[in-house]
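Reading through the structure tokens given below for one structure.
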Amino acid sequence: MFNIYFQTSNFFTKCNFHFKHPLFIRCIHGIAHYSSNLDSNQLLSELSKNGRVDEARKLFDQMPYRDKYTWNIMISAYANLGNLVEARKLFNETPIKNSITWSSLVSGYCKNGCEVEGLRQFSQMWSDGQKPSQYTLGSVLRACSTLSLLHTGKMIHCYAIKIQLEANIFVATGLVDMYSKCKCLLEAEYLFFSLPDRKNYVQWTAMLTGYAQNGESLKAIQCFKEMRNQGMESNHFTFPSILTACTSISAYAFGRQVHGCIIWSGFGPNVYVQSALVDMYAKCGDLASARMILDTMEIDDVVCWNSMIVGCVTHGYMEEALVLFHKMHNRDIRIDDFTYPSVLKSLASCKNLKIGESVHSLTIKTGFDACKTVSNALVDMYAKQGNLSCALDVFNKILDKDVISWTSLVTGYVHNGFHEKALQLFCDMRTARVDLDQFVVACVFSACAELTVIEFGRQVHANFIKSSAGSLLSAENSLITMYAKCGCLEDAIRVFDSMETRNVISWTAIIVGYAQNGRGKDSLHFYEQMIIDGIKPDGVTFIGLLFACSHAGLVETGQSYFESMEKVYGIKPASDHYACMIDLLGRAGKINEAEHLLNRMDVEPDATIWKSLLSACRVHGNLELGERAGKNLIKLEPSNSLPYVLLSNMFSVAGRWEDAAHIRRAMKTMGINKEPGYSWIEMKSQVHTFISEDRSHPLAAEIYSKIDEMMILIKEAGHVPDMNFALRDMDEEAKERSLAYHSEKLAVAFGLLTVAKGAPIRIFKNLRRGNVLVETSGRLLKARENFAIINKLLLYRENRVENFVGVVGV
């Protein structure tokens, strides 16, 4: 009877009759009527196994008698085909449900992406007292792996032990996979090594994949070697896993060997294997090999193209990434939410706003603008290109903002110099109850350092510790910089000493921090310790060293460091290094040597270099060279008032009144105004700002009275005001008065009136130039025996903290 059916079926196939043809249906009906139930079940099973489910259903519907095997065959056929609706319908109609009936339905759900429903049916099966088979347990364990349901997986493991199925090949493999996917690698290893010696390739692959997915790449490589040594063949699941392990630790050489095994095994054309190979080569920097595999692929796989673009972006080939994206678009390859972030990252680096706007339009057209990862990348792209208004617009349209959304915008404001706005956004982020991460905290520390808002920075530091977000090297480095820039060296060194690992940025931060706080010799000590620890300095490190030598007057030491840059470390001096050297020589009065260095520089002098030289000439009275420096600075920065003011003062000191007047007329004609100097002090979360001879403050009378007391004391200590710091068009009495009521002194007097005993007085100043308070503070120190309150004065200027211990109030 079995052969009769297939002969009939083949006849109708050769005659091009469809199985729905009436004559074919009558033949099936006849076979079903005259055959025994056993023959019909055999026929039904064969049709199902061959994928001819519609024919099997016709036979099933015509069968006059259906037993439990008949129902199970059809339920299993629909379940394996993925037609879960029909499988469930037949399951509900079957008169008798046994363990095979339940197992067919459960396995069908688990295999076809309905893991939750599969586990629910398994629980119902359990409640009905049906005993699952090893295949059922394997299916539900796979569902637990997919959903990372460790507790449920452990319960199934216990049940498998109870019914003595834990050693079964299907169950054991499922358990290894489940524990691996749930990040319980020790349990997975124990089960794997407990298996008999004759493990199959599925079990080896499950363990290898577990190692790769849990970051144990070296163990994954060792597992792959042992698998090969035991003669186990790899497949299209094994190779992607071992290539992932190679990628994560940049094991390029071993990855190439695996590529050889892939070619020898015949899996080269497999799209999953090709995708893993492209990813491995691209991330290891061999973009040529990655591109060769991509170009030879028969199918345009979006995952491979994404991997290629990510590799280009990672290794700095931004233009190539954009070319690949353009080709993807032209070839109608389905661009997804993994493609856009990588492309937008390359645009952020290329600073090409026009193309960025075009990609933004494409995300809107394809509907991916609503995807959070794409929106976050758009915020980051616009912010890094300086278009903060567009970044804010995209940010505001994100419905469910996460920490990456906030971090992208906060970072953008910090990088573009809007530090106060960045801190305001951070406060809004905390109000929205978004958890902190290391990246946003690092940016906030940088903003606090620029604004020197130490109390706010301390609060963020405390919140970060409480958040248990873990430490990140960049956050710790930013924290060192913040404390150092705010004059809190004790806190900076405490953070530095507590770091488990330090890189060149960590050492540079502490070196620069000590240099900025006037501790040049200590700064050099840290550099020596850095070299002993085997850390190679970079260009920024040498800027810190030269800065330290400049302010400590260590000319020969600074020259030695400068010469060692290229000779010892192969670092070619840049304009910033030359500016530091000119500043170093200028401060020491070696103006001729500074000019000689300027004339033999390998780089074109920029504004910073001319500023350093002009300042040195102003201090040491070298009018000829100062005039040259000033005129060159005016050419580079015609709107900057600094060269005009300094040149005017130098001409006045030299008695060249006409030249000084000419400079002032030029400023007036060009609409250039001298930036007014002002100082401020923070008290109880309120900022008090002062300008020279300012009497608008509510405590003005008390402040001026305190200044008069201070001036009496410092005059007794031998202080004579330097009139070179006063304006030229004043009489001597007016000049002395303007210096006495300088903005810095007003701020100090206010601090002495309001700051508690022993607390530091933190004065902030907008201008770097001027030594009025420095000179005054020195005299205050000499007269300290006449004071009753001991305070510490910190004066914050551009790139420097003047630290006066013992500055006191009357």
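Any read-out appearing in this document is the output of simple, stated calculations on the displayed coordinates, not a laboratory observation. A quick note: this is a predicted structure, and the numbers were derived from the prediction, not measured. Note that each Cβ is placed from the backbone with ideal geometry, even for glycine, and that neighbours are counted across all protein chains shown.
Details
- Percent of beta bridges antiparallel (DSSP, the chain, rounded to nearest 5): 75
- Overall form of region 573-675 per C-alpha gyration tensor (a/c, 1.5; a/b vs b/c): oblate
- The residues neighbouring PHE690, those whose beta-carbon lies less than 11 Å from its own, together hold a net charge of 0 under the Lys/Arg +1, Asp/Glu -1 convention.
- Converting phi to 3J(HN,Hα) with the Karplus coefficients 6.51, -1.76 and 1.60 and the offset θ = phi - 60°, region 163-168 yields 9, 6, 10, 5, 8, 4 Hz in sequence order, with x at every glycine or proline.
- Qualifying chymotrypsin sites (Phe, Trp or Tyr not before Pro) in region 515-576, where qualification requires a DSSP coil assignment and no more than 16 other C-beta atoms within 10 Å, are lacking entirely.
- For MET601, residues with placed amide H under 5 Å, excluding near neighbours: none
- For TYR678, the amide hydrogen comes within under 5 Å of the amide hydrogens of ASN766, LEU767, counting only partners 5 or more places away or on other chains and with H modelled in the peptide plane.
- Charge dipole of the chain about the Cα centre (unit charges at C-beta), most positive-ward option of ILE531, GLY671, ILE712: ILE531
- As a proxy for reagent exposure, ranking LEU324, LEU392, LEU38 by other Cβ atoms within 10 Å from fewest up yields LEU38, LEU392, LEU324.
- Whether the chain is rounded, prolate or oblate, judged on the alpha carbon gyration tensor where a/c under 1.5 counts as rounded: prolate
- Taking the longest Cα principal axis of the chain as reference, the axis of helix 743-754 is set at about 80 degrees.
- Taking amide H positions as modeled 1.01 Å from N, with prolines and chain starts lacking one, the residues under 5 Å from ILE763 and 5 or more places away or on another chain are LEU794, LEU795, TYR796.
- When only the Cβ of Lys, Arg, Asp and Glu is charged (+1, +1, -1, -1), the dipole of region 277-327 relative to its Cα centre reaches about 140 debye.
- Given charges at Cβ of Lys, Arg, Asp, Glu: the chain dipole, positive-most of CYS246, CYS486, PHE562: CYS246
- Neighbourhood net charge (15 Å Cβ-Cβ; Lys/Arg +1, Asp/Glu -1) for VAL403: -2
- Projecting the Cα atoms of ASN632, ASN387, HIS360 onto the dipole axis of the chain, where Lys and Arg carry +1 and Asp and Glu carry -1 at the beta carbon, places HIS360 farthest toward the positive end.
- Cα-centre dipole for region 573-675 with unit charges at Cβ (Lys and Arg positive, Asp and Glu negative), debye to 20: 420
- Protection proxy ranking, highest mean first, for peptides 175-187, 95-107, 40-52: 175-187, 95-107, 40-52, where packing is the per-residue count of other beta-carbon atoms within 10 Å, averaged.
- Peptides 316-323, 206-213, 245-252, 279-286 ranked from most to least packed, by the mean per-residue count of other Cβ atoms within 10 Å: 206-213, 279-286, 245-252, 316-323.
- Sequence-distant aspartates and glutamates (8 or more away, or on other chains) whose Cα lies within less than 17 Å of LYS745: GLU682, GLU693, ASP694, GLU702, ASP708, GLU709, ASP722, GLU736, GLU775, GLU802
- HN-Hα J in Hz across region 305-315 - Karplus 6.51, -1.76, 1.60, θ = phi - 60°, x for Gly and Pro: 5, 4, 4, 5, 5, 4, x, 5, 5, 4, 9
- For region 216-304: rounded, prolate or oblate by the Cα gyration tensor [a/c cutoff 1.5]: oblate
- Taken one residue at a time, the phi angles of region 618-634 give Karplus couplings (6.51, -1.76, 1.60, θ = phi - 60°) of 5, 5, 9, x, 8, 5, 4, 5, x, 5, 5, 5, x, 5, 5, 5, 5 Hz. Gly and Pro are set to x.
- Peptides 140-148, 486-494, 260-268 ordered by average Cβ neighbours within 10 Å, highest first: 140-148, 486-494, 260-268
- Principal-axis analysis of the Cα atoms of the chain puts helix 134-147 at an angle of about 20° to the longest axis.
- Report summary: the helix-based calculation at 222 nm, which adds -39500 (n - 2.57) for every DSSP H run with n ≥ 4 and divides by the residues of the chain, gives -21500 deg cm²/dmol.
- Check: the chain dipole with +1 on Lys, Arg Cβ and -1 on Asp, Glu Cβ, in debye: 1480
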